[in-house]
Structures are given as structure tokens and as C-alpha cells.
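Structure first, commentary second.
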Amino acid sequence: MAQPVKVRRLTDQEGQKLQRIVRRGSTSTVRYRRAMMLLASAGGNTVPVIARLVQADEDTVRDVIHRFDKIGLACLDPQWAGGRPRLLSPDDEDFVVQTATTRPTKLGKPFTRWSVRKLADHLRRNVSRPIRIGRVALRSLLARHSVTF
């Protein structure tokens, strides 16, 4: 039978930092819950008891304990990915801003001013450099670059 998962012996600084996080409770909820898991494990509680205490899955508790044993207090900070990858490169953004600041008549369009809808349609149908961007994303990109119509 495998040994129960327990956190390694805490140093004085680690114990004080974990207690400070739990007592204050002003930090992020992820850090707070992970600090609770580590303190409960250091206090001799088993993984199922800790999981019920912090309302987490037992595997999550084990993962936090193993990460603490491996990297220390850095395990308190979540390592989440950045989400969906960017669809537009910085060059594409510059091209969009350049197109938005150019008069439509210079690009062969039969109107004198851009609207977000017209600009998005023009960028999508551009033969030399087609750029697919929605109106909401286009509006926020233009706002970031202080371009208004």
C-alpha cells in the first residue's frame, strides 16, 4: 500500500508566510485555498479530510502538496495559460490602423469615410492581405490606437 501524501516539514519562514496568507484572507482565493491545504497537511490531516475542508478534489490537494515539495511556496501562484492565441500579429494590427487612417477614396472605395462595418468588410475582402476580424475586436483595436471615425 502506498504511503499517504503529506507535505514535507515546513521551515519557520514558510509556516509564517502560510499562516499570514490564511489569517489575512485578502489575497486571491487560489492562494488562500492552497495555503489552507498546505497548513492542514502540515498539521497531520489526511488528503480526504483536507479536500472536504477546502471543498476541492482529492487529486487537486495531492497535486498542490507534490508541487510544494518540489518548488516550495511558488506552488501557491496559479500557472494558468494565456488563453486563446492571438489571431492578429503586430504587423496585421499596424496594417489595420494604417488602412483605417487612409481615406477610402484612395483605396478605390466609393465613400468618403470609414465605418467599422465597412472597414471590417474591406479588410476581409482585401486581395493582397486579407484580415479576418470581427467588428467588436476591430472597434477595440482602433480604440487602443486612438483611431476614431
>> Nearest 10 degrees is fine. How inclined is helix 12-24 to the longest principal axis of the chain, computing both from alpha carbons?
In response: 60 degrees
>> As a test of the formula, what do you get for the chain when each DSSP H run with n ≥ 4 contributes -39,500 (n - 2.57) and the sum is divided by the residue count, at 222 nm and rounded to the nearest 500 deg cm²/dmol?
In response: -16500 deg cm²/dmol
> Top to bottom by accessible area (1.4 Å), largest first, where do W114, W80 land?
Replying inline: W80, W114
> At what distance in nm do the modelled label points of K6 and A143 sit from each other, each positioned 7 Å from its Cα along Cα→Cβ?
Replying inline: 5.5 nm
> Once the mean 1/r over all distinct Cα pairs of region 73-123 is inverted, what Kirkwood radius in angstroms do you read off?
Replying inline: 13.9 Å
> On full extension of the chain, what length is gained from K109 through S128, given 0.36 nm per residue of separation minus the C-alpha to C-alpha distance?
Replying inline: 5.3 nm
> Length gain on complete extension for the stretch R117 to I71, per 0.36 nm per residue less the alpha carbon to alpha carbon distance?
Replying inline: 11.5 nm
>> With unit charges on the beta carbons (Lys and Arg positive, Asp and Glu negative) and the dipole taken about the Cα centre of the chain, which residue among L142, L123, T105 sits farthest to the positive side?
In response: T105
> Using a probe of 1.4 angstrom, how much of the accessible area of the chain is carbon and sulfur, in percent?
Replying inline: 49 percent
> Spin-label point model (7 Å from Cα, Cβ direction): what's the V97 to K17 distance in nm?
Replying inline: 3.9 nm
> What FRET efficiency would be calculated for the residue pair T46, R86, taking the C-beta separation as r and a Förster radius of 41 Å, to the nearest 0.05?
Replying inline: 0.40
>> For semi-axes √(5λ) of the Cα gyration tensor in Å, one of (1) 31, 19, 14; (2) 56, 15, 12; (3) 37, 21, 12 was computed from the structure I shared and the rest are decoys. Which label?
In response: (2)
> Accessible area per residue of the chain at 1.4 Å probe, in Å²?
Replying inline: 70 Å²
>> Running a GNM on the chain with Cα contacts under 10 Å, which residue among I65, I133, I50 ends up with the highest mean-square fluctuation?
In response: I133
>> With angles folded into 0 to 90 degrees, how steeply does helix 58-71 sit against the dominant principal axis of the chain? Use alpha carbons for both and round to 10.
In response: 90 degrees
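The values are calculated or read from the model by the stated rules, or taken from the named source; none is laboratory data. All values derive from a computational prediction rather than experimental measurement. So basically every Cβ, Gly included, is an ideal-geometry build from the backbone, and we count neighbours across all protein chains shown. Side chains included, ligands, DNA and RNA excluded: accessible areas come from the protein's heavy atoms. Shrake-Rupley method; radii C 1.70, N 1.55, O 1.52, S 1.80 Å.
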